[in-house]
Structures are given as C-alpha cells and as structure tokens.
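A.B. asks: If you scroll down you'll find the structure; I have some questions about it.
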Amino acid sequence: MTLFLQNARLIDPDALTETVGNLIIDNGVIAAIGDKQAPADAKVIDCRGKCLAPGIVDIGVKIGEPGERHRESFRSAGMAAAAGGVTTVIARPDTDPCIDNPETLEFVTRRAAQAPVRILHLAALTKDRAGHEMTEIGFLLDTGAVAFSDVYHVVKDTKVLSRAMVYARSLGALIIGHPQEPILSKGACVTNGKFASLRGLPGVSPMAERIGLDRDLGLVEMTGVRYHADQITTSRALPALERAKENGLDVTAGVSIHHLTLNEFDVGDYRTFFKLTPPLRAEEDRQAMIAAVGSGLIDIICSMHTPADEESKRLPFEEAASGAVGLETFIPAAMRLYHQGGLTLPQLFRAMSLNPAKRLGLPQGRMAEGAPADLVLFDPDAPFVLDRWTLQSKSKNTPFDTQRMEGKVLATFVGGTCVYNAQEMPA
Amino acid sequence: MAFRARHLLGIEHLTQDDIRTVLDLADSYVDLNRRTVKKTDALEGMTQINMFFENSTRTQASFELAGKRLGADVMNMSMQTSSVKKGETLIDTAMTLNAMHPDLLVVRHQNSGAVDLLAQKVECAVLNAGDGRHEHPTQALLDALTIRREKGRIQRLTVAICGDIAHSRVARSNLILLGKMENRVRLVGPPTLMPAGVAELGIEVYDDMREGLRDADVVMMLRLQKERMDGGFLPSEREYFHRYGLDAEKLSYAKDDAIVMHPGPMNRGVEIDGTIADDINRSVIQEQVEMGVAVRMACMDLLAQNLRRERGRALTEGQYV
C-alpha cells in the first residue's frame, strides 16, 4: 500500500534541516520526499504542518523477559515504544537470567515478535555478567546480537575486559561500556555535593565516571575495539571523550534523556522515582551535556528505560530500585530541550535516531528516499499534564508524573505500517 | 502561635518561632521533672508507640519516660526482632500499626528519609528519633535548650561541631538549627569524615582542631563509631585521639567559659578525654540527658495539641479522622 503524508514539517537529522513538504511511503520504505503530488492509489494523511521525523532508535531498553515479565514484557514495551515514537528498541541483556548465550538470545528474539516495533538485542559481554569469562561473542553475533554490554556491571578485571575487547575487535563487534569506577561508586545512590550531604545520602564523586571512562578509553586505544559509552553525564568526562575522538579512536557516547532534563535537586524529599544509575547530576553538568549533544561530542540520546514495580520503589531511598521508564516520555522530555535548551529538532533527532542507527549499522534513522519508513509524527507544542497511570508500560515509574509537558506523539510508523495512532489524528 | 506541624521530621521544616516555642515549653518541663511528682495529663488517654529499627538504649528510654510522664500509654517495639525480619516492608509495618490507632509514633530507622516515607502513610503524629545520616531533631533541640540555659541565649554564638560529621545525623540537625537561630557554626574533623559541599552552605570547615576551636563558645563533640576506626576512614584510634580528641590543651583554644557537649554514648580516650567529660565546670553532658526528656515532652505535648485541634476541626466539619 502507498501512503501519502502531506503537509508535514519534515525533520532531516542528516542534513540538519526542517522543510515543509510531503512524503510518500511505498512498500515500507520512503519512496519520495518533497514537493510531490499524491499517487493515484495512495491513502492520504494530512499531517497539518506537524513534525515528521525518523523514528527513535533507543539503545539500552530494559525489558523484563526473561525473568521479570511482571515489570515489562516485549508486548508492553513494544506498545510503550510505539506510543513514544520509538521505532527500534535495542533491548538490554541485564535480564534474569541474563542474555549471555545464543539459546537465550534466540528465546528473546522469538518473544520479541509480539512487539509492534522493531526489537534488536544486546548480549552480555561476560558470562552471567560476572566479569570473569567472555561470552560466545561469535555465536551471539550470528544469532543477531547488535552489540555487547554488561550494562551496569562494570567489568572490574581489566585483563578480562582487554581480552574480550581484543576478541570482539577481530569480529568487528561493538562493545558498550558503563563508565564508572565500581569501587568508588559502591553503595552510592546520589551524586556527592551539598544536596547529598543535607539529605544524608551516600554519594559518589562525579570523578568516578571519568576514571571509568579513562580506563575504558585506554583499553580501546590498546585493542582498537569499537566502543560506545552508554551514558556520559558529567562535564569532567567530556575532555577525555573529546581527546579520544580527536585521536581517531572508534568511540561514541550516549546520555539518557533524564540526565538532560533533570538534576540532583529533583530528588527532593527522597523521591525514589528520581533514583537513577548513574545518579542525577548537578545543574552545571546537565547544561554541559546539552551543549555536548548540540556540538555532537555526545552522539546518542537514549531513554535508559528501566521498569520498576511499585514495591521496589516504595522503599527508603537507599533501598529502592534504581531506574525510570522513559519510552513514552522520550519525545515530550526531548521537547524541553527544544523549547528551553537551545537544541533544534534536527539536532535532537540526529542524537535520538540517526546516530544510534549509524552506530549499529542500521538503515533506519534517516529522512531519505530509500530509507525504511520508520517515522514518528508529533506535535512539538501540544501541552499536557502527565498521568503515569495512562502509560502503556507495565511499570509506571516515571519521574515526570504530574508534570506539565509539551510534545505529543500523533502517529508512529514502522516499515510503513501505522503502529500507533493517537486520537488527535484524523487518519 | 507557632508550631502547627503534624509531624516532627526534621529541624529543616521548623521556623525560629517553632524552635523557641519548643524550648520555652521544655523549660517548664525541666522544672516539672525535678519535682517528686512528675506526672501531667497532657497525653492522657493517648497511645505512643516507639518503633526503633536501629538499636538505641538512651534515646528510647528518654522517649519512653517523656511519654509516661505526660500520661500516655507507651509501647516499645524492637523492630530488629519483629516482622521486618520476615520480609515485611516499612510501609506495611506502618500501615499495620496505623490500624491500631496510635496517636504518636516515635521512629528511628537506619535509612535517611525512611521516617518521612513512613509519615506519609499514617494518620497519627510522627516523631523522627533519627533517620540514617539525615536528621535527629530532638537531639538538636535538646542541645539548643542546654546551650540556652547555659549561655542565656541561643544566637550569636560560635559553635564548633567536631568529629565524624559525615555519618552524623546529630551534626546535620544541629548545624541546621544553629544556622536558623543565627549562630556561627564551624565543622571540625578529618577530611575523610567531612561531607562534600558543606562549605557551600556558609559553614566554616576546619581540619585543624585548634584553629576550629579558637574562641568558640560551645564545643560539641560527636561520637566516633567503632567501625570507622579500622583504617578505612582513619589510620588508627590513637592518631585520631592525638589530632581530634578533646583534651585540656585543645580546649584551651576555645573561650574560657566554653561549654563541652556530647550526644553520648561517649568513647572516652577516643574523641574526648575522660577528665574533660567529667569536668563539672565545662562539661554539660549530664544536663543534655536531662534536657532530652524535657524537650521530648515538649515536642510530644505540642504535637498532641495539634492532633487534638485537627481532630476537633474534623469533628465539627463532620469528618471522621
């Protein structure tokens, strides 16, 4: 079927432009862009001047399968992703048991077919994410793993990590690290500073992130592996990242949308929905991260979607689970950066769609003829107050509950098929 | 009329007026406590439950005595041996107790913020008897009462708080209270036991004890937990005493009439020299214990008054509370 999307504000993250025009979807790909006429048999959708952008490619989404399906299933995560304009979900391997062998990877690949959006999988870098032995990187690649990561379990043993990197390099595999000095940050649940001191919560110095990044970058230089830092959240880590890129290392870095839109003070009176890993940072750090996304030093924005049930959050702050759901609030949160943060829509979608797709070698993320028709239609200005109970996610642990937000997803297309259609849309 | 709060969770929420109201009322309870017949009926018919998730002998005894002297029925629950061990969450424990209609809950918990969390779930008044490293409001109030009675005022004083600041809720509540009452607060201790970012709060920070004590009106010593002395935070007990233990020589840097305080229990020869602790001209440590009962009586009396007022209003408005 041919779809004709007319009168859309087309966001091109590659050319960094916005133009008003039409877009034709044929056979699941973008057939034509620009000042085109509707083909005779096409179904016409009037976008009414709203924004049409490449769907988000979200690296690092936690889905509770296997092991914690009560928190999130592929089905619920897929629906949340569709409602949030996320067309490709890169699922994390920190499940229970973790995805550290081809058989488990096959299982989740089968389960993922229930989701209305594309789902790709990360695999663990070491067995049981324990940091002692590398996983079967070759077999896992053959089974479809797009990258390797132990997520928040930092591989403490530098020798193990260096060997895994050397091995991964020979296969061209991408390793995703979590830059954090694990001993310095042990037991911490907030960032060191006067807020942590007044609240009496154990904090970690922001330096732990830079130390972790420095170590990983040293190993990248040694081994030549392709490396992506999952979240860089402090300004002190940026010069190291910049140097590594200047020196030609194959390195990219991400940041979560929460670290771009919230800071340490949001924890307030021990609000556990704001407990994240790494913890929320100082306002200066948040500003520095926004600037780094703007300049392209930070390549990728992710949601770090981490579903947690009510019981695991209704605990004293130190004992509560860490993480927040982020798929459905991704675009409204990003619109805060558009309305107040000084980032343009093409810059945002470069970091949310184009760069992650490029990094993983996917054809998605582009507003170009011949690219897959994975698109999100949204109104960047539509205001609303978020009610967490309206989320599609099984878990409702969003830090944006009851907050005023702007930016609503109107429709989401995956391979030319409409997988989400808000009631505001006429089509 | 000051002090209209439902709970006493921390000094952070109190105003200067609130603090003065508590201290004035506590003064009258000091007199009562020195009589032979010490009982009043301020909490007559009310139920007070002491929930201590963390061990404490003196604070629990002080709250128990305070409640009993006010005429409340007091129940002590030792939470280490209770359903918490069976996996019950804090909120479920709170809801269970709430269903028994207590009027005052006195709570101590090892996690910062846990008492705030619990207070959101119950209908009675909650008194924070110490949460993690966060706050210990009645300790700060009893310290303030002690200082006011000794010095005749609780403003424009130089107060040095010394020792393990990082892990101390007593230090936090005290520095907030003393700051609110317009005193000059100094924190003195080894840098490993100093919380991050306190200098940004307008507090003077010293790692040299003598400099920190210079011309101080009040020297407040903190207890050094045994587990901090194992080489993780400090090289040894004896080096700590040498550099930060309060002895006559270091105390000589403070004002001649400076008073010495300690929240107890003391480690003699670790953070404080025994002869200083026992010097009746300088040490007010026993007075602090006495003021503790009076301050806790005042806090519970005020919270009970607020509770009655709130319930009375609800009754006239036809609500059931």
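The values are calculated or read from the model by the stated rules, or taken from the named source; none is laboratory data. Being a predicted model, the structure only gives us computed values, none of them experimental. Quick reminder, even Gly has a Cβ in these numbers, built from the backbone with ideal geometry, and neighbours come from all protein chains shown. Surface areas here come from the heavy atoms of the whole protein model, side chains and all, with no ligands, DNA or RNA. Shrake-Rupley method; radii C 1.70, N 1.55, O 1.52, S 1.80 Å.
A.B. asks: For chain B, take the longest principal axis of its alpha carbons; what is the angle in degrees between that and the long axis of helix B:169-180, to the nearest 10 within 0 to 90?
C.D. replies: Tilt of helix B:169-180: around 90 degrees.
A.B. asks: As a test of the definition: which semi-axes, in Å, follow for the protein assembly as shown when you take the square root of five times each eigenvalue of its alpha carbon gyration tensor? Largest first, please.
C.D. replies: Sorted largest first and rounded, they come to 56, 30, 22 Å.
A.B. asks: If you build a Gaussian network model of chain B, linking Cα atoms that sit under 10 Å apart, which residue out of B:LYS250, B:LYS121, B:LYS226 swings the most?
C.D. replies: B:LYS226
A.B. asks: I'd like the accessible area for A:SER322: 1.4 Å probe, protein heavy atoms, all chains in place, Å² to the nearest 10.
C.D. replies: 40 Å²
A.B. asks: Could you compute how much accessible area chains A and B hide from each other, both sides summed, with a 1.4 Å probe? Nearest 100 Å² is fine.
C.D. replies: Counting both chains, the buried surface is close to 1600 Å².
A.B. asks: Once you charge only the Cβ atoms, +1 for Lys and Arg and -1 for Asp and Glu, what is the size of the charge dipole of chain B about its Cα centre, to the nearest 20 debye?
C.D. replies: Roughly 560 debye, rounded to the nearest 20.
A.B. asks: Taking B:LYS250 as the anchor, which lysines have their alpha carbon closer than 17 Å to its alpha carbon, excluding any fewer than eight residues away along the same chain?
C.D. replies: The reachable lysines, counting only those whose Cα sits under 17 Å from B:LYS250, number zero.
A.B. asks: Right, here's the next one. Only sites in a loop by DSSP and with at most 11 other Cβ atoms within 10 Å count here; which trypsin sites (Lys or Arg not before Pro) in region A:144-240 make the cut?
C.D. replies: Within region A:144-240, the qualifying trypsin sites (Lys or Arg not before Pro) (loop, at most 11 other Cβ atoms within 10 Å) are A:LYS186.
A.B. asks: Okay, moving on. With a 1.4 Å probe and every protein chain left in place, work out the accessible area per residue of the protein assembly as shown in Å², rounded to a whole number.
C.D. replies: I get 39 Å² per residue for this part.
A.B. asks: How high is the FRET efficiency from A:MET222 to A:ASN7, r the C-beta distance, R0 60 Å, rounded to 0.05?
C.D. replies: The formula returns an efficiency of 0.65 here.
A.B. asks: With springs only between Cα atoms under 10 Å apart, run a GNM on chain B and tell me which of B:PHE233, B:PHE52, B:PHE63 wobbles the most.
C.D. replies: Top of the fluctuation ranking is B:PHE233.
A.B. asks: Round to the nearest 0.05 the FRET efficiency obtained for B:MET95 and B:ILE280 when R0 = 45 Å and r is the Cβ-Cβ distance.
C.D. replies: E between B:MET95 and B:ILE280, to the nearest 0.05, is 0.40.
A.B. asks: So which trypsin sites (Lys or Arg not before Pro) in region B:39-68 pass both tests, a DSSP loop state and at most 13 other Cβ atoms within 10 Å of the Cβ?
C.D. replies: B:LYS39
A.B. asks: Oh, and also: Give me the three principal axis extents of region A:134-244 from the C-alpha atoms, as integers in angstrom, largest value leading.
C.D. replies: That works out to 51, 28, 23 Å along the principal axes.
A.B. asks: May I pose another question? Only helical DSSP H runs with n ≥ 4 go in: add -39500 (n - 2.57) per run for the protein assembly as shown, normalise by residue count and round the 222 nm mean residue ellipticity to 500 deg cm²/dmol.
C.D. replies: When only DSSP H runs of four or more count, the value is -9500 deg cm²/dmol.
A.B. asks: Ordering B:HIS242, B:HIS101 from largest to smallest accessible area (1.4 angstrom probe), what's the sequence?
C.D. replies: B:HIS242, B:HIS101
A.B. asks: Can you grab the distance from the C-alpha centre of region B:91-154 to the C-alpha centre of region A:347-401, Å, no decimals?
C.D. replies: Cα centroid to Cα centroid, the span is 45 Å.
A.B. asks: Using a 1.4 Å probe and counting only protein heavy atoms, arrange A:ILE176, A:ILE33 so the residue with the most accessible area comes first.
C.D. replies: Ranked list, largest accessible area first: A:ILE33, A:ILE176.
A.B. asks: Rounded to the nearest 10 Å², what accessible area does B:THR275 have for a 1.4 Å probe in the complete protein model?
C.D. replies: Near enough 100 Å² of accessible area.
A.B. asks: Let me ask something additional. Between region A:211-277 and region B:226-284, how far is it from one alpha carbon centroid to the other, in angstrom?
C.D. replies: Region A:211-277 and region B:226-284 have Cα centres spaced 44 Å from each other.
A.B. asks: What stretch of chain B, leaving out the sites themselves, is the longest with no GluC sites (Glu not before Pro) in a DSSP loop having at most 11 other Cβ atoms within 10 Å?
C.D. replies: B:1-181
A.B. asks: Follow-up question, since we're still on this one. Please find, in a Gaussian network model of chain B (springs between Cα atoms separated by less than 10 Å), the residue of B:GLN80, B:GLN110, B:GLN48 whose mean-square fluctuation is greatest.
C.D. replies: It is B:GLN80.
A.B. asks: Please state the charge dipole magnitude for region A:54-360, taken about the Cα centre, from unit charges on C-beta atoms (+1 on K and R, -1 on D and E), reported in debye and rounded to the nearest 20.
C.D. replies: Its charge dipole is roughly 420 debye.
A.B. asks: A further question follows. Below 13 angstrom from the Cβ of A:PRO202, what's the summed charge of the other residues (Lys, Arg +1; Asp, Glu -1)?
C.D. replies: Spelling it out: positives minus negatives among the neighbours equals +2.
A.B. asks: Taking the Cα-to-Cβ direction at A:ARG243 and at A:HIS339 and moving 7 Å from each Cα, how far apart do the two end points lie in nm?
C.D. replies: That separation, rounded to one decimal, is 4.0 nm.
A.B. asks: Another question, then. Using the alpha-carbon atoms, what tilt in degrees (0 to 90, nearest 10) does helix A:74-84 show relative to the longest principal axis of chain A?
C.D. replies: Roughly 60 degrees between the two axes.
A.B. asks: Also: Compare each residue of region A:191-228 in its chain alone against the assembly with all protein chains, and report those whose accessible area goes down by 40 Å² or more; 1.4 Å probe, heavy atoms.
C.D. replies: A:LYS194, A:SER197, A:LEU198, A:ARG199, A:GLY200
A.B. asks: What's the angle, to the nearest 10 degrees (0 to 90), between helix A:330-339's Cα axis and the longest principal axis of chain A?
C.D. replies: Computed tilt is about 80 degrees.
A.B. asks: Quick one: net charge around A:TYR152, please, counting Lys, Arg +1 and Asp, Glu -1 for every other residue with C-beta under 11 Å from its C-beta.
C.D. replies: Neighbour charge sum, excluding A:TYR152 itself: 0.
A.B. asks: How large is the accessible surface of A:ARG118 in square angstrom, using a 1.4 angstrom probe and rounding to the nearest 10?
C.D. replies: 80 Å²
A.B. asks: How much of the DSSP bridge set in region A:54-360 is antiparallel, in percent, rounded to the nearest 5?
C.D. replies: If we restrict to bridges inside region A:54-360, about 5 percent are antiparallel.
A.B. asks: At 1.4 Å probe size, with the rest of the protein present, what percent of the exposed accessible area of region A:170-246 is carbon and sulfur atoms?
C.D. replies: Here it works out to 52 percent.
A.B. asks: Quick one: net charge of A:PHE349's neighbours, Cβ under 11 Å, K/R +1, D/E -1?
C.D. replies: -1
A.B. asks: Continuing with this model, one more query. If you bin the C-alpha pair distances of region A:54-360 every 10 Å from 0, what whole percents do you get?
C.D. replies: Histogram of Cα-Cα distances, whole percents per bin: 6, 29, 38, 24, 3, 0.
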